[in-house]
Amino acid sequence: MDLSSFRERRPEFATASNVVVQAALNDAAAQMSALAWGGLYDEAHMWLAAHILSLGPNGHGARNEANPSTGTTYKTQYDDLVPKATCCYGTVP
């Protein structure tokens, strides 16, 4: 997923600079395999980048402060995709 597509799909990060958002996209991409995710790669990439962004100082609204072990609303969306990818594409890192 490129910066422009991310910005269109996740407008809640409009106040984050392009540099910060691109860094989160790069970090997320480094943790993923396009081959393993197959056709779900862009969606999973978006959710993981949003999760990374929400861990920053301005992401408190997306974090589950009452139960930090569950992560963020974005990580929940990412995790929900894992079984879909593993059933079709094999093991997802």
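The values are calculated or read from the model by the stated rules, or taken from the named source; none is laboratory data. In this text, all values refer to a predicted model and were calculated from it rather than measured experimentally. Heads up, the Cβs are rebuilt from the backbone with ideal geometry, glycines too, and the neighbour counts pull from every protein chain shown. Keep in mind that these areas ignore ligands, DNA and RNA; they rest on the heavy atoms of the full protein, side chains included. Shrake-Rupley method; radii C 1.70, N 1.55, O 1.52, S 1.80 Å.
In this label model, residue 77 and residue 23 are separated by 2.2 nm, measuring between points 7 Å along each Cα→Cβ vector.
With a 1.4 Å probe rolled over the protein heavy atoms of all chains, the accessible area of 75, 84 falls in the order 84, 75, largest first. The Cβ shell under 15 Å around residue 49 holds other residues with a net charge of -3, Lys and Arg each +1, Asp and Glu each -1. Within the shell of other residues whose beta carbon sits under 15 angstrom from the beta carbon of residue 32, the net charge comes to -3, with Lys and Arg scored +1 and Asp and Glu -1.
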